[in-house]
Amino acid sequence: MSDATVEMKGAAGKPIRGKLSRDDIIMRGSMLVIGLYLLITMVFPLYAMLSKSFSTYMFDLSAYEVQVSDEGGATFSEPVTFADLNSTLNVVTEGDLNAGSDGRLGVTQFFPDFSFRSPVNYRIRNTSDTGRFLVGSTLNDTTNWVELDSNTFRRVQLRPVESRGLDNFRAYFGTPALSNSIKNSVMIATISTLITVFLAFWFAYALNRSCMRFKGFFRLVAMAPILVPSLLPGIALVYLFGNQGMLKELLFGASIYGPIGIIIGSVFFTFPHAFLIISTALSISDARLYEASVVLRGSPWRTFWTVTIPGARYGLVSAAFVVFNLVITDFGLPKVIGGQFNVLAVDIYKQVIGQQNFEMGAVVSVVLILPAIVAFTIDRFVQSKQVALLSARSVPYAPSPNTKLDWTLFGFSSLIAVFIVGILGVCQFAALVKFWPYDLSFSLNNYQFDRMDGGGWGSYYNSIKLALLTAVIGTAVIFFGAYLVEKSNGFRTGRTIFQMFAMLPMAIPGMVLGLSYIFFFNNPSNPFYFIYGTMAILVVSTVTHFYTVSHLTATTALQQMDREFESVSASLKQPTLKLFSRVTVPVSMPAILDISIYLFVNAMTTVSAVVFLYSPKTSLASIAVLNMDDAGDIAPAAAMGMMIFYTNTAARIFHLIASRGILQRTQAWRSR
Amino acid sequence: MNVTTNVDSSYLKIENLWKYFGKFLALEDVSLEIAEGELVCFLGPSGCGKTTLLRAIAGLDLQSNGSILQGGKDVSSLPPSERDFGIVFQSYALFPNLSIEKNVAYGLENTGRSKSEISERVAELLALVGLPDQGKKYPAQLSGGQQQRIALARAIATSPGLLLLDEPLSALDAKVRVHLRHEIKDLQRKLGVTTVMVTHDQEEALAMADRIVVMNHGVIEQVGSPTEIYREPSSLFVADFIGEMNQIPAVAGNSGEVRIGETVMKSLDHKFSDGEKIIAAIRPNDIIPHGDGARSPGAEDTIETDSNAIEVIVDEMEFLGAFWRCRLQHAMFGERELIADFSINAVRRLELNEGSKMLIELPKGRLMAFTPSEAAA
């Protein structure tokens, strides 16, 4: 329908322009609304952050002119700039001229004879329209002369001018204390990835390829870490190996505060993610390949390397990048147990919350985005390859008993289970003990959150509210958005852009998202300024943070649906939205429930994005764990962490029962 | 059956339709008229544009240029929901979570019909497609053929003026397919609804269509009744795509003559000038075996055109149940062999064996001449 068609072979007459049906208009309108939502909640904030990282502030002494009067106060000297004055006096060095966005520079230092009691008058003006200075709190940005007595002149402060450039990045890479974090983060992420993928592979192997017992139990245990915030294993490790730890001797004098602690904790919280991916890869292997290998007299060892590993290689690579990404972007764990060991995610927090240096926070964010985007891109590429492995004629592999192998794998899996349950058990123990290690009697004192910092029980209820709102609103927005992308007609450019927006959040670390929200929303001239500091911004940020995985789940479910439903519905002259509610939603109910529980659990445990965005009124349980730990109330922090665990467990059980019920009602057609 | 189309009574009128997908030309200047009540088949190999044309008629994929008139109304740029048609897809696209009744009733809702009217109409439709008792079941509980009929019932529920069938039978077993062919045809006659069906199965098209539209590379090759298409193909492509055809490189003689090798044979009249390279073509079952007892006892075996009779060697024989397929050798065909289908009786009476010599005739009324060009795969 483009103009180009006319020039091509033969076609005469003017090209046909389709008339849009009411449904088309509704669907395009809705897509525009959700696309706009993603634009405002992600693209604009990220842009604000990026531009912040390039903005530098500097006092420009040559941009101001002053005149000084004689003692009579009426006859003024020739105008001079502060730069002229400074060149003779040297009161301000080059380094002093660098400033933050809030920088102020007093001017009396340029006048050695200055006294606020003297009758001397001063005149000051900007030499250009861009100059700014304050008199008290009044901003002057014109080139008109302002005449002031000396008592007022002492309250004149110069404001820095903003410019764009790479100075922030130069400063960052010129400061080893900061740029060392890159090395640290990459090292931690790499080591954690190797360990996690190795352990998760054998665990998944045991569950999919052996005849060991209690597989259901092991599977359940492996998924438990997903239900707690990433900083919880940090607390457990403090109890186990900290200065007063139960098993401190096992470290032979090494400190748990630092890389060791971060790595152990990272293995704990990334384990289920790696396990899920590798387990899927192992579960779809084709038994016929194993039969072929046996027939060709391949040894088990050879079979393992020529059949098992190649079959699972995409899963392994994908798992590795997912784990790498999770570790390098995680904030909670290194905050709790990192000690003096700096990593990127914590640097952002320190720069922003500790030093109020927003520009430097933005720079670290940009640095952190890069490895995350690389890992994300490779992961997407590998995932797209995985699909081709499954052919309809594959025969599922059924393991046969092998006593020695089965018991070895059982032993290995038990160790993993002990590790996971142990970490959770230690937290629960810590929460219940009165005062470790001096008074080991049990009490519920640590659950009196209202007596601690961190927002008390209120923050726990806030978390539940956030999780519910995120689950309901997020599922609705994300599923409907995915439906529009998948099933609307034409409008190809719009759909491609939307799809890109939907994939972006996965590559954006939570800390970066949170910080970019500060830059974008905490700005009185932004029409959405009003949501800053409310529950709304927490919901919005959490939905955006976890958008991609949910979007992909929805897309996959929708792609499995017959492509012609919409055409049939249109030919029967029924509105598309009727089809959506009568057919699409009921048929996709399993995916919809999966999305909602995913959002709920993540909203309960997330720390990274919301840590910049909560207000005293909207403190959250996960944040409370962080803050209580920070304040030294480690036992209550553990108690709150376990509250999150129990809540998520309850939510999962509820989800299971609810899905059974709903499935029985809406999916009756599935059974023959 | 030959339906003559009167220009004024045409129900669906397609004029100069073009369709591009990017730079790919999917339909090239397609014009076609379909009369009211007709069943027309779009037939062609995959990628020939038949489905594109159907989707343009439905408004699902709008054409780039050209117009479509339905019942005298220009629907060229209307979205599907504002056109008047029912459609059955290859996948049937039955709503899996709605019962059969609900599926059929889907298009009847919100049309001002009362609940009892709707359930009456649904019962009527289910009876019409021969599945009166299946209303409470879900689609997954029915066989493929039953699902197909439900899809049909759903498509005709609102009595649309036009019924579009997109490869409706290709997902079914061979036997069910043959059975449903007749059912659909009967139903279409009973309702008198103008129907367009897309298929790549020539047998299906020959059995069902009032008229066949043969398409290739986005162009209509020929439009005609099944017998016309079969007996008088207008191009080598059509000749080869519908049924089977021996293709013999030859040179044209005067009209009514072709030269194969050194032999001049009588043929149907053609438009080629003397000496032009052509393809001489004849269907395997049009080749006449000659010799004592080739005809049924008592009938006299006469050669109609002497110049068209040749002696060949039977190289290979293949028994195909209803007839024998023989590969015949003769110097004039060079390396190629002529394929001929002989009846079982003829083979028995002529005592044909591999290696036998025999006399055949290429009847002049069946020997055709075509421009040498690509043939269907």
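Summary of values
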quantity: Exclusive hit being surrounded by fewer than 19 Cβ atoms within 10 Å (Cβ to Cβ), in contact (Cβ under 8 Å) with a residue 12 or more places away in the chain and within 14 Å of chain A (Cβ to nearest Cβ), set B:207, B:140, B:157; calculated: B:140
quantity: Count - residues of the range A:239-263 that are open to solvent by 20 Å² or more (accessible area, probe 1.4 Å), at pLDDT below 95 and in a helix (DSSP H, G or I); calculated: 9
quantity: Filter result for residue A:654 (more than 13 Å from chain B (Cβ to nearest Cβ), open to solvent by 20 Å² or more (accessible area, probe 1.4 Å), in a helix (DSSP H, G or I) and within 17 Å of residue A:230 (Cβ to Cβ)); calculated: no
quantity: Flag if residue A:346 is in contact with a Lys or Arg (Cβ under 8 Å, 6 or more places away or on another chain) and within 18 Å of residue A:610 (Cβ to Cβ); calculated: yes
quantity: Of all residues in the range A:517-537 being in a loop (DSSP other than H, G, I, E, B) and either touching a Leu at 6+ places or on another chain (Cβ under 6 Å) or open to solvent by less than 40 Å² (accessible area, probe 1.4 Å) (or both), the one that is nearest to residue A:620 (Cα to Cα); calculated: A:533
quantity: Filtered residues of the range B:246-264 (kept if open to solvent by 20 Å² or more (accessible area, probe 1.4 Å) and on the phi < 0 side of the Ramachandran plot); calculated: B:247, B:249, B:251, B:254, B:255, B:257, B:259, B:262, B:263, B:264
quantity: Cβ-Cβ under 7 Å pairs, at least 6 apart or on other chains, the range A:340-351 side in contact (Cβ under 8 Å) with a residue 24 or more places away in the chain and within 14 Å of residue A:258 (Cα to Cα), far side outside any helix (DSSP H, G or I) and open to solvent by 10 Å² or more (accessible area, probe 1.4 Å); calculated: none
quantity: Tabulated pairs, the range A:360-380, first assigned by TED's automatic domain parsing to the domain that holds residue A:349, second buried (at least 22 other Cβ atoms within 10 Å of the Cβ) and not in a helix (DSSP H, G or I), C-beta under 6 angstrom, 6+ apart or interchain; calculated: A:368/A:509; A:372/A:509
quantity: Filter result for residue A:665 (basic (Lys, Arg), surrounded by fewer than 16 Cβ atoms within 10 Å (Cβ to Cβ) and more than 14 Å from chain B (Cβ to nearest Cβ)); calculated: no
quantity: Hits in the range B:191-200 (condition: open to solvent by 10 Å² or more (accessible area, probe 1.4 Å) and in contact (Cβ under 8 Å) with a residue 40 or more places away in the chain); calculated: B:192, B:193, B:200
quantity: The range A:562-575, subset at the interface with chain B (Cβ under 8 Å from one of its Cβ atoms) and among the acidic types (Asp, Glu), residue farthest from residue A:469 (Cα to Cα); calculated: A:564
quantity: Strands (runs of 3 or more DSSP E) within the range B:205-298 that include 3 or more residues in contact with a Phe, Trp or Tyr (Cβ under 7 Å, 6 or more places away or on another chain); calculated: B:211-216, B:277-282
quantity: Number of positions in the range B:315-342 that are surrounded by 14 or more Cβ atoms within 10 Å (Cβ to Cβ) and more than 26 Å from residue B:260 (Cα to Cα); calculated: 1
quantity: Extreme residue, farthest from residue B:145 (Cα to Cα), among residues of the range B:101-110 that are more than 8 Å from chain A (Cβ to nearest Cβ) and in contact with a Phe, Trp or Tyr (Cβ under 8 Å, 6 or more places away or on another chain); calculated: B:102
quantity: Output for the range B:18-38, where each listed residue is surrounded by fewer than 23 Cβ atoms within 10 Å (Cβ to Cβ) and more than 14 Å from chain A (Cβ to nearest Cβ); calculated: B:32, B:33, B:35, B:36, B:37, B:38
quantity: Residues (surrounded by fewer than 22 Cβ atoms within 10 Å (Cβ to Cβ) and either touching a Phe, Trp or Tyr at 6+ places or on another chain (Cβ under 7 Å) or without any contact (Cβ under 8 Å) to a residue 12 or more places away in the chain (or both)) located in the range A:222-238; calculated: A:227
quantity: Those residues of the range A:566-575 which are open to solvent by 10 Å² or more (accessible area, probe 1.4 Å), in a helix (DSSP H, G or I) and without any contact (Cβ under 8 Å) to a residue 40 or more places away in the chain, in sequence order; calculated: A:567
quantity: Out of A:346, A:366, A:336, sole residue that is part of a helix (DSSP H, G or I) and either open to solvent by 20 Å² or more (accessible area, probe 1.4 Å) or at pLDDT below 90 (or both); calculated: A:366
quantity: One residue from B:235, B:267, B:273 being surrounded by 15 or more Cβ atoms within 10 Å (Cβ to Cβ) and farther than 20 Å from residue B:340 by Cα; calculated: B:235
quantity: Positions within the range B:159-186 being under 23 Å from residue B:71 (Cα atoms) and either of a type in the set (Gly, Ala, Ser) or outside the structural domain of residue B:209 (by TED's automatic domain parsing) (or both), in sequence order; calculated: B:159, B:161
quantity: Residue satisfying all of: in the range B:67-100; of a type in the set (Gly, Ala, Ser) and more than 7 Å from chain A (Cβ to nearest Cβ); farthest from residue B:193 (Cα to Cα) among these; calculated: B:99
quantity: Helices (runs of 4 or more DSSP H) within the range A:576-631 that include 3 or more residues more than 14 Å from chain B (Cβ to nearest Cβ) and more than 30 Å from residue A:449 (Cβ to Cβ); calculated: A:589-605
quantity: Unmet criterion (only one of (1) within 23 Å of residue B:236 (Cα to Cα); (2) over 31 Å from the mean Cα position of the chain (by Cα)) for residue B:284; calculated: (2)
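Residue by residue, here is whether (1) among the hydroxyl-bearing types (Ser, Thr, Tyr); (2) farther than 30 Å from residue A:169 by Cα holds:
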{"position": "A:38", "(1), (2)": "no, no"}
{"position": "A:42", "(1), (2)": "no, no"}
{"position": "A:57", "(1), (2)": "yes, no"}
{"position": "A:74", "(1), (2)": "no, yes"}
{"position": "A:79", "(1), (2)": "no, yes"}
{"position": "A:108", "(1), (2)": "yes, yes"}
{"position": "A:115", "(1), (2)": "yes, yes"}
{"position": "A:121", "(1), (2)": "no, yes"}
{"position": "A:142", "(1), (2)": "yes, yes"}
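The values are calculated or read from the model by the stated rules, or taken from the named source; none is laboratory data. Keep in mind that what you see is a predicted model, and the values were worked out from it rather than measured. Cβ coordinates were reconstructed from backbone atoms using ideal geometry, including for glycine residues, and neighbour counts include every protein chain displayed. Heavy atoms of the whole protein, side chains included, go into the accessibility calculation; ligands, DNA and RNA do not. Shrake-Rupley method; radii C 1.70, N 1.55, O 1.52, S 1.80 Å.
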